[in-house]
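S.K.: Take a look at this one; I'll ask things after.
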Amino acid sequence: MKRIFIIVALTISMLYILEISEAVGLNSFKPQLEINHMSNEYILQWQRLPYFAYYEVEALSIPPANDAKQATDTELIASYRTWNNQMPIDENFPFRTYWRVSAQTLFHQPLGKYSDYINLTQSIGGMAADFDKVKPEPTSFYPASAPASIRPMLTWTVVPGAVYYELEFLTEPPENPNDVFSSDKQVLLTRDVFTNGYNADLSWYEGNRIFWRVRALNNHGNPLGVFSDATELYFNRDIIPVTRPLINEHKPDNLPTPLYPAYSWIPVLGALSHEVELTRQPPENPGGIEPSQYRIWSQTVTGLNDCYDDQPRIIPGKYYWRVRGIDAAGNPVGGYSDAAEFNVDLSRGHYAATFGDSITHGGGAISYSPDDFDYSYQTYLNFPAVNLGKSGDTTAAMLARFDQDVLPYKPKYLLILGGTNSLRGGVPATQVITELTGIRDKCLTNGIRPIFLTLPPINPDAINDVFHEETVVNWREEFDAVNQFIRQQRYFIDLEPHFLDSSRELPDHLAIDGLHPDIEGKKLTAQIINAHWSRVVR
């Protein structure tokens, strides 16, 4: 036994001397990192150290301060360890991140230095430039063999981050395909398009063949990319036009519907407003103009293509919803859309649930509601969670609805993100802390582990620009006070450092409107949570 101990001690000593020896050069090792894109994954690759070592890969929200030390908590989103000299990164990770790798051994962490960092956005084959060249893809086609009516429903793929779209009609294929400028062949242009579809009126056009194309615009009306391919459209004046809205869902099948659903559609021509109807049975009159006898709820919205349910859909079972257009006189424009369905299953929230305001509920980029799951951070989590967020909530409202909305799911873990609406509206931090404490105590009383998320910053100028709402001048100090309270809790995950710009505000590349993180912000939120999840649940 003594001999074995001596051999182990000598081996360890020799390895240590080997690692620190200038002659061998292990202590000056610096990996050369590169990245490739294959099969919807980003593959980080580096050369292998000719020595027994594993590797640590760091994902950072800002460039690292130096190449010799592990990143700080304010820089580090996540770290991964591997024995291989490559690692895949799936596309659920935010693009605006920085990556580096180091060799790690028993004695040295790192052994040598970290690699130079790679900016994911700028490294994938000029990906940053490619973003400016993105274009919608048409999804509705009306060839000569299957013409449309004079009021065709045109649809295309969503351009992430598009606030609205510009639709151009042309007599012939454009002389400048996939360009950012309008065509000389243009006969009509409209920008009154706030979703990825449009019910066009071609009754003014004398021919029976026309071309159309579309491009995405940001909130200032600047193009986010080029026009789509021009699509040929034939129409027949004898065909009766469709007068029903088109359901426009963007929900993955594997994710549960939020407790407070949102409903989206492509508006029908001639409708000043739209009425959404919810039933517990399939409507008995598909395509009809009269409400269903199974109706349990309805709501009418004006000038919008989405609707937020104001009631929690917490009774288990199937639900059906549909929408119809309403004209200025209050009469139906036409029949109801086809009915879409969703299912409520309380067991899907037994493991984890997310609780908060619109940042939790979902939506972003001004024009997207929680119905578009690309703008929900739950989409990118590595574990199952039901969305119990409600847009517009204050911490007082969250506390008031806790028993009704959280307890039926009996979650083991509850992710809590709230206070933004209260603080920016002038509610003092002391009151928000009291209400968050009440939520925490309700969790503990009911055997739920409360996991708090620190509040990301906001951008008051952007909020005012988009929503025309003022923010209290001392918002920063109030946010700091609430976040200090959250960091004193037993279980918390620190989001805030990764959302700060140089002015300690929310940068526009993470949230156009200064308040609701867009896709990149939602991905960032989820990846920070994923990186810390094993810590807060053990």
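S.K.: Identify the residues of the stretch 209-250 with backbone N under 18 Å of a label point that sits 7 angstrom from the Cα of Asp179 along the Cα-to-Cβ direction, or state none.
M.R.: 211-216, 223-231
S.K.: Between Val134 and Glu34, how many nm apart are label points set 7 Å from Cα along the C-beta direction?
M.R.: 2.7 nm
S.K.: Can you give the Rg/Rh ratio of the stretch 246-344, where Rg is from the C-alpha atoms and Rh is the Kirkwood radius?
M.R.: Numbers: Rg = 12.9 Å, Rh = 13.7 Å.
The Rg/Rh ratio comes out at 0.94.
S.K.: How would you classify the stretch 157-227 from its alpha-carbon gyration tensor, with a ≥ b ≥ c the square roots of the eigenvalues: rounded for a/c under 1.5, else prolate if a/b is greater than b/c, otherwise oblate?
M.R.: Values: a/c = 2.32, a/b = 1.47, b/c = 1.58.
It comes out oblate by the Cα gyration axes.
S.K.: Still on this structure, please answer the following. GluC sites (Glu not before Pro) within the stretch 143-224: which are DSSP loop residues with at most 15 other Cβ atoms inside 10 Å?
M.R.: Values: sites: Glu166, Glu168, Glu175, Glu206; in loops: Glu175, Glu206.
Sites meeting the loop and neighbour criteria: Glu175, Glu206.
S.K.: Hey, what do the phi angles of the stretch 314-323 turn into as Karplus ³J(HN,Hα) couplings, whole Hz, using 6.51/-1.76/1.60 and θ = phi - 60°, x for Gly and Pro?
M.R.: Result, ordered by residue: 10, 6, x, x, 8, 10, 10, 9, 8, 9 Hz.
S.K.: Order the peptides 439-446, 450-457, 305-312, 241-248 from the highest to the lowest mean number of other Cβ atoms within 10 Å of their residues.
M.R.: On the way: 439-446: 15.6, 450-457: 24.5, 305-312: 18.6, 241-248: 20.6.
The packing order, highest mean first, is 450-457, 241-248, 305-312, 439-446.
S.K.: Same structure, new question: Multiply the residue separation of His220 and Ser503 by 0.36 nm, subtract the distance between their alpha-carbon atoms, and state the gained length in nm to one decimal. Spell out each step's value before the answer.
M.R.: Numbers: separation 283, 0.36 × 283 = 101.88 nm, distance 2.25 nm.
My answer for the length gained is 99.6 nm.
S.K.: Over the stretch 159-200, what relative contact order in percent results from Cα pairs under 8 Å that are six or more residues apart?
M.R.: Numbers: 48 pairs, mean separation 20.2, N = 42.
For the stretch 159-200, the relative contact order is 48 percent.
S.K.: What percent does the relative contact order of the chain come to when contacts are Cα pairs within less than 8 Å and at least six residues apart? Each step should come with its number before you reach the end.
M.R.: Numbers: 1174 pairs, mean separation 57.1, N = 538.
Once normalised by length, the contact order is 11 percent.
S.K.: Same structure, new question: Just the Kirkwood number for the stretch 448-520, please: inverse of mean 1/r across all distinct Cα pairs, in Å, one decimal. Don't skip to the end; give the middle numbers.
M.R.: Numbers: mean 1/r = 0.0769 Å⁻¹.
Here the Kirkwood hydrodynamic radius works out to 13.0 Å.
S.K.: Can I ask one more? With labels modelled as points extended 7 Å from the Cα through the Cβ direction, what inter-label distance (nm, one decimal) is found for Asn343 paired with Arg449?
M.R.: Each label point lies 7 Å from its Cα, and together they span 2.9 nm.
S.K.: Using amide H atoms built 1.01 Å from N in the peptide plane, name the residues 5+ places from Asp393, or on other chains, whose amide H lies under 5 Å from its own.
M.R.: Here the answer is Ser358, since their amide H atoms fall under 5 Å of that of Asp393.
S.K.: Okay, next question. Taking only C-alpha pairs under 8 Å that are 6+ residues apart, what is the relative contact order of the stretch 346-538 in percent? Present the calculation step by step, with values, prior to reporting the outcome.
M.R.: Values: 350 pairs, mean separation 48.7, N = 193.
Reported as a whole number, the value is 25 percent.
S.K.: Hey, which of these cross-link pairs are over 29 Å Cα-Cα: Lys410/Lys523; Lys30/Lys522; Lys390/Lys412?
M.R.: Values: Lys410/Lys523 26 Å; Lys30/Lys522 33 Å; Lys390/Lys412 20 Å.
Distance filter (> 29 Å) returns Lys30/Lys522.
S.K.: Modelled label-to-label distance, Asp116 and Thr430, 7 Å Cα→beta-carbon offset: nm?
M.R.: 5.4 nm
S.K.: With bins 10 Å wide starting at 0, give me the P(r) of the stretch 346-538 over every alpha carbon pair, in whole percents.
M.R.: 10, 40, 39, 11, 0
S.K.: Counting only DSSP beta bridges with both residues in the chain, tell me the antiparallel percent, nearest 5.
M.R.: Values: 73 of 89 bridges.
Taking every DSSP beta bridge with both residues in the chain, the antiparallel ones total about 80 percent.
S.K.: Report the FRET efficiency, 1/(1 + (r/R0)^6), for Tyr205 and Asn331, where r is their Cβ-Cβ distance and R0 is 30 Å, rounded to 0.05.
M.R.: Working: r = 27 Å, r/R0 = 0.91.
Working from the Cβ atoms, E equals 0.65.
S.K.: Would you mind calculating the gained length between Asp310 and Asp192 on full extension (0.36 nm times residue separation, minus the Cα-Cα distance), in nm to one decimal?
M.R.: Details: separation 118, 0.36 × 118 = 42.48 nm, distance 2.72 nm.
Here the answer is 39.8 nm.
S.K.: Output the peptides 28-36, 68-76 sorted from most to least packed, where packing is the average of other Cβ atoms within 10 Å over each peptide's residues.
M.R.: Working: 28-36: 16.2, 68-76: 14.7.
Per-residue Cβ counts within 10 Å, averaged per peptide and sorted highest first, yield 28-36, 68-76.
S.K.: Please report the spacing between the Cα centers of the stretch 282-344 and the stretch 488-538 in Å, no decimals.
M.R.: Using only Cα atoms, the two centres lie 35 Å from each other.
S.K.: Project the alpha carbons of the stretch 315-420 onto their principal axes and report the range along each, largest first, in whole Å.
M.R.: 48, 31, 28
S.K.: If you take every DSSP beta bridge fully contained in the stretch 332-450, what fraction is antiparallel? Give it as a percent rounded to 5.
M.R.: Working: 1 of 10 bridges.
If I count the DSSP bridges inside the stretch 332-450, around 10 percent turn out antiparallel.
S.K.: Would any residue of the stretch 369-385 have its amide N under 13 Å from a label point 7 Å out along Cα→Cβ of Asn254? List them or say none.
M.R.: Within reach of a label on Asn254, which here means backbone N under 13 Å from a point 7 Å along Cα→Cβ, the stretch 369-385 contributes 379-385.
S.K.: Hey, can you rank 151-164, 507-520, 190-203 by average C-beta count inside 10 Å, highest first? Intermediate results must be reported in sequence, preceding the final value.
M.R.: Working: 151-164: 20.6, 507-520: 22.6, 190-203: 18.4.
Peptide ranking by packing, descending: 507-520, 151-164, 190-203.
S.K.: In degrees from 0 to 90, rounded to the nearest 10, what is the angle of the helix 2-20 Cα long axis to the longest principal axis of the chain?
M.R.: That helix lies at roughly 60 degrees to the long axis.
Every number here is computed from the coordinates shown, using simple stated rules; none is lab data. Keep in mind that what you see is a predicted model, and the values were worked out from it rather than measured. Don't worry about glycine lacking a Cβ; one is built from the backbone with ideal geometry, like all the others, and counts go over all protein chains shown.
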